[in-house]
Structures are given as structure tokens and as C-alpha cells.
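A.B. asks: First the structure, which I've put down as C-alpha cells, then a few questions once you've had a look.
Any read-out appearing in this document is the output of simple, stated calculations on the displayed coordinates, not a laboratory observation. Just so you know, these numbers come straight off a predicted model, no measurement behind them. Methodologically, a virtual Cβ is constructed for each residue, glycine included, from the backbone with ideal geometry; neighbour enumeration extends over all protein chains shown.
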Amino acid sequence: MTQTVFITGTSTGIGAAAVRLFAAHGWQVAATMRNPADAKFSDLLGVRVYALDVTDAASVQQAVAQAEQDFGSLDVLVNNAGYGLVGPFETATAEQIQQQFATNVFGVFAVTQAALPTMRARQAGVIINITSVGGRTAFPMNSLYHATKFGLDGFSESLWYELAPFGIRVKVVAPGGVATDFAGRSLHMTADPAGAANPYAGQMRVVLAAFNRRGGAASQPEQIAEVIYQAATDGTTQLRYIAGADAQGILEAKAKMSEGNFMQMIQQNFAGNG
Ligand SMILES: NC(=O)c1ccc[n+]([C@@H]2O[C@H](COP(=O)([O-])OP(=O)(O)OC[C@H]3O[C@@H](n4cnc5c(N)ncnc54)[C@H](OP(=O)(O)O)[C@@H]3O)[C@@H](O)[C@H]2O)c1
């Protein structure tokens, strides 16, 4: 029987690549996005586009209910929508912090709760949360983004146990750097790196330059989509999939090194010495 996947944040990047890959494999795809006019899937069979803002509870309920009605049931949910909030913690506004958690964390909770009742009733389903290498290790000047992705990682691990008795498998795909709109239009800053009154400006500029240098090692979104597809279809109970050579390299180093040595290495790398 044709399988159905429901994906959030599919206007660009990893979400859009995942839509194309699942469609190419003959899946029915519920491609959701804040603004359906951004959809670029008219060439694809089996793809339906739904309006969904993960921070808007009514739109979440509506999109999940409509997709379930249109496709019969959802076999796989991919919680992909998210963005980065970068810069000093001290200067983040309450609104920026709230928005970051509303999107990256509470949005995942809302979509997952909307999809669970029918998955549980059918005793089947795969839930894939797109976290980040930044959900397993931290870099400077990203404290709030890390808080959301570390949070999602722990949430997913606990949910894995809770949903296993119902035949629902929870998975985490943790990409390293990916060449998408993430570091462009999707990036939010808590302070101006050029701001004269910003006490963190110097540190910010050095860290942002280090991230730019690392950008050369970024994966393509199609490579991450392959890992999402593998997680959806490999039939295993594996929880985590680390996606991208950069992410694998850094997490292997972290596993081998003492915490002190690892953190010193990161500090040096982001001070411009690495
Ligand atoms: N790129 C990387 O280096 C990287 C690394 C690790 C993890 N990730 C994670 O990968 C996921 C996808 O990011 P990407 O790299 O593909 O970046 P992207 O090209 O900027 O895509 C982000 C997507 O999330 C959507 N989105 C943002 N806020 C939303 C909301 N409130 N409701 C619904 N959709 C919303 C955006 O929609 P709009 O078009 O409406 O803005 C866009 O479709 C994110 O969770 C990100 O944290 C990315």
C-alpha cells in the first residue's frame, strides 16, 4: 500500500528536499508550510500542500486532520520546521526566546500530539524529529538554539520508550552544517555584531567568522533527505541518525576525548585558531 509522510517546513532546504525524495520513491506526501504560495512541487505526483505554521495550534490541527482525511492515515511524521537564533544570550529579547522555543520545541510538541491519536489507534508510525549536531554538542554564541535542540533530543529519547508499546518508533536525525537558507534568511540574531554598544561584538564577529569557515564542509539538503528516508524506511528501532561527515567527525571526537580537552579544542577552533 502507498505510504504517506507528513513533513513540516517544506518551503526550502531539508524539508523541500525530503518532499522530493519521498515523492520520487512513490510516497504520498503532505508537504506543509507557512505560506503554500512558496510551494515548488507542481511537477510532483502524490504531493499535496497544506498551510501549517507550527506556532499556530489551529493550523496544526487543521493540516493534520485534512491530510489524514485526504490520505487515509499518516505513516511517517517529519518534524523539520525550525530556525536558528544566534548571538549572546544576555541580549536576547523575551520575544526572541519565546519565538525560538515556540517554533523549534513547542511546534514539534503540537504537531506530534495532533498526529499521535491515529498512529496509536493503528499501532504503527514513525516520528522523525530533525534536531542538529547542536542537539548533542554545543558551540559558542548559540545557547538558545542549543537549548531547543538538546531539549528535542531528550524529548525524543524519552518518547521512544513511551511509544514503543504502541508500535510507534521515534527517531532523531541530527544534521551538521547544511547548505540551506538556515544561515541566511532563516537566521535570527540577538545582537548586532557591528554594534558599538554591543559588549559581545568582538566575540560575535570571531565566532561568526569561524562558522563561515566551517560552511565549506556543509552537506547538501538532498544528503540529509536521504538520511531521513533511511530513518523512515529501515524498519529498525534505531533512535539517532547523525547526518553529515562534519557532524559524525565532531561527535566521534567528543566521544573519544575528555570533556575538558574537547571543550578546549572547540574554544580554540572558534577563537580563530582551528
Ligand atoms: N542548515 C543547517 O545547517 C542545519 C543544521 C542542523 C539542523 N538543521 C535543522 O534543519 C531544519 C530545517 O532547516 P533548513 O536547514 O532546511 O533551513 P531553511 O531552508 O531555512 O528551512 C527552514 C524551514 O522551516 C520553516 N519554518 C520556520 N518557522 C516555521 C513555523 N513557525 N512554522 C512552519 N514552518 C516554519 C521555514 O518556512 P518559511 O519559508 O515560512 O520561513 C522553512 O521551510 C531545522 O529544524 C534546522 O534547525 C539545519
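A.B. asks: For region 175-186, in order, what is each residue's ³J(HN,Hα) by Karplus, 6.51 cos²θ - 1.76 cosθ + 1.60 with θ = phi - 60°, in whole Hz (x at glycine and Pro)?
C.D. replies: Calculated HN-Hα couplings, in order: x, x, x, 9, 7, 9, 7, 3, 8, x, 5, 7 Hz.
A.B. asks: Would you calculate the volume per residue, in Å³, of the smallest convex hull containing every Cα atom of the chain?
C.D. replies: 130
A.B. asks: For a quick check: with amide H placed at 1.01 Å from N, whose amide H comes under 5 Å from I242's, ignoring anything fewer than 5 positions away on the same chain?
C.D. replies: A174
A.B. asks: So what's the net charge close to R20: Lys and Arg +1, Asp and Glu -1, counting the other residues with Cβ under 14 Å from its Cβ?
C.D. replies: Net charge in that neighbourhood comes out at -2.
A.B. asks: Counting other beta carbons within 10 Å of each residue's own, what order do S186, S132, S219, S158 fall into, fewest first?
C.D. replies: Least crowded to most crowded, the residues run S158, S186, S219, S132.
A.B. asks: State to the nearest 20 debye the size of the charge dipole of region 4-246 about its Cα centre, where the only charges are +1 on K and R beta carbons and -1 on D and E beta carbons.
C.D. replies: Once rounded to the nearest 20, the dipole reads 300 debye.
A.B. asks: Then there's this: If a paramagnetic tag sat 7 Å from the Cα of N212 along the Cα-Cβ line, which residues of region 138-158 would have the backbone N under 18 Å from that point?
C.D. replies: Label zone hits: 140-142.
A.B. asks: Let me ask something else about it. Before rounding to the nearest 500, sum -39500 (n - 2.57) across all DSSP H runs of length at least 4 in the chain and divide by the residue total; then give [θ] at 222 nm in deg cm²/dmol.
C.D. replies: -14000 deg cm²/dmol
A.B. asks: Considering only C-alpha atoms, what is the centroid distance from region 70-114 to region 7-37, in Å?
C.D. replies: Spelled out, the Cα-based centre of one part sits 17 Å from the other.
A.B. asks: Per-residue HN-Hα couplings for region 75-85, Karplus 6.51 cos²θ - 1.76 cosθ + 1.60 at θ = phi - 60°, whole Hz, x for Gly and Pro?
C.D. replies: Per-residue couplings from phi come out as 8, 9, 10, 10, 8, 10, 3, x, 8, x, 10 Hz.
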